[in-house]
Amino acid sequence: MTIKDNGGSQSPVVTLTKKDFVSDQEVRWCPGCGDYAILAQVQKVLPNLGIPKEKFVFVSGIGCSSRFPYYMNTYGFHGIHGRAPAIATGIKISNPDLSVWVVTGDGDGLSIGGNHLIHAMRRNVDIKIILFNNRIYGLTKGQYSPTSEFGKKTKSSPFGVVDSPINPICIALAAEATFVARSVDRHTDHLAYIIERAARHRGVAFVEVFQNCNIFNDGAFEHFADRTVKDDRMVNLEHGKPLVFGKNHEKGIRLRGTQLEVVTLGGGITEDDLLIWDETLPDSALAYMIARMDYPAFPVPVGVFRDVAKPTYDELVNQQIEFAVQKMGRGNLEQLLKSGDTWVVE
């Protein structure tokens, strides 16, 4: 019996478990770091995909999160700062049958590697990108990052950050990524669900994970993500369902004209008045509005913001190569290098 993997090739069915994806390397994140939860959920989800272990590749840049490939018993590539999406693009184009993952952080992915991330997403390369957002540079010990809050005091902003933070979900939606989602490190069941959804998406899948750095930015998400308050301060986007939140499901999000508003159910307002979430809308404008919701004015949204289908970059490139070979024959690199505008310096 064989299965078709993400690249469409045939491979024997193998039964894998989480242990198969745990490497023999000592995990060297700080005790209590949110990275552990993300690593555990990825290792838990991969056996469910029916993809042989040797078909996975994890690529990273620089930062705490970028130690990820060492801890996966798969192929891996620890690249240079911010360049993981570019490396992953090359791997996917030249090896279409591989499941290629990028692990990056808010500094690596949104500052040093901002352009690479944007272009991988707008091209719809069939890679999975997990961005660990702890709103700080942890590896270099506590400088403010592109996602640090306005006014935040850090070692590199002793009087407070004076630039507005990047919203990673808005960047992904603006780049027309075909799968965009968010979860939280401590919400492990939800995180596993989101990772599996991303893994099964064909095309670029971008997942932002709110990840606690308990050394340099401890509690950054606690005011809305802690289990004692999250029901009242977060809303889970579920396709086909109204946007309801609150401990007793008594609140909701309504679209009034071009504005979103929080309403309390009752007094003539029912779930029929609320916004019904549709993650498959071709236009990402509404998802963009939802992504901008933030506590305390709104609940913080998590879940799948967008899930649409488009041809992937790697498919199109390989189709073009095949067409060119059929039309012109296989190329000769030596002849190419010695043709055209070449000259001899004497």
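The values are calculated or read from the model by the stated rules, or taken from the named source; none is laboratory data. Please read these numbers as outputs of a predicted model, since none were measured by experiment. Glycine also receives a Cβ, built like all others from the backbone with ideal geometry; neighbour counts cover every protein chain displayed. These area figures cover heavy atoms from the full protein model, side chains too; ligands, DNA and RNA do not enter into them. Shrake-Rupley method; radii C 1.70, N 1.55, O 1.52, S 1.80 Å.
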Problem set entry | Breaking point among (1) in contact with a Ser or Thr (Cβ under 9 Å, 6 or more places away or on another chain); (2) outside any helix (DSSP H, G or I), for Lys141 | (1)
Exercise. What is the number of the single condition among (1) assigned to a loop (DSSP other than H, G, I, E, B); (2) open to solvent by less than 20 Å² (accessible area, probe 1.4 Å) that His239 does not meet?
Worked result: (2)
Exercise. So which residues in the range 125-136 are closer than 13 Å to Asp218 by Cα, in contact with a Cys (Cβ under 9 Å, 6 or more places away or on another chain) and either open to solvent by 10 Å² or more (accessible area, probe 1.4 Å) or not in a loop (DSSP other than H, G, I, E, B) (or both)?
Worked result: Asn134, Arg135
Exercise. Which residue, of Ile195, Ile171, is open to solvent by less than 10 Å² (accessible area, probe 1.4 Å), closer than 24 Å to Phe58 by Cα and part of a helix (DSSP H, G or I)?
Worked result: Ile195
For this session: Evaluate the range 93-100: report whether one residue or more is surrounded by 21 or more Cβ atoms within 10 Å (Cβ to Cβ), aliphatic (A, V, I, L, M) and farther than 22 Å from Cys33 by Cβ.
Result: yes
Problem set entry | Of all residues making up the range 32-56, the number that are open to solvent by 10 Å² or more (accessible area, probe 1.4 Å) and in contact (Cβ under 8 Å) with a residue 40 or more places away in the chain | 11
For this session: Count, please, the residues in the range 34-71 that happen to be part of a helix (DSSP H, G or I), more than 23 Å from Gln143 (Cβ to Cβ) and of a type outside the set (Ser, Thr, Tyr).
Result: 16
Seminar exercise, completed: Checking Pro69, Pro96 in turn, the sole residue that is of a type outside the set (D, E, K, R) and either under 15 Å from His119 (Cβ atoms) or within 18 Å of the chain's Cα centre (by Cα) (or both) turns out to be Pro69
Exercise. Does at least one position in the range 254-275 carry a residue that is assigned to a loop (DSSP other than H, G, I, E, B) and in contact (Cβ under 8 Å) with a residue 24 or more places away in the chain?
Worked result: yes
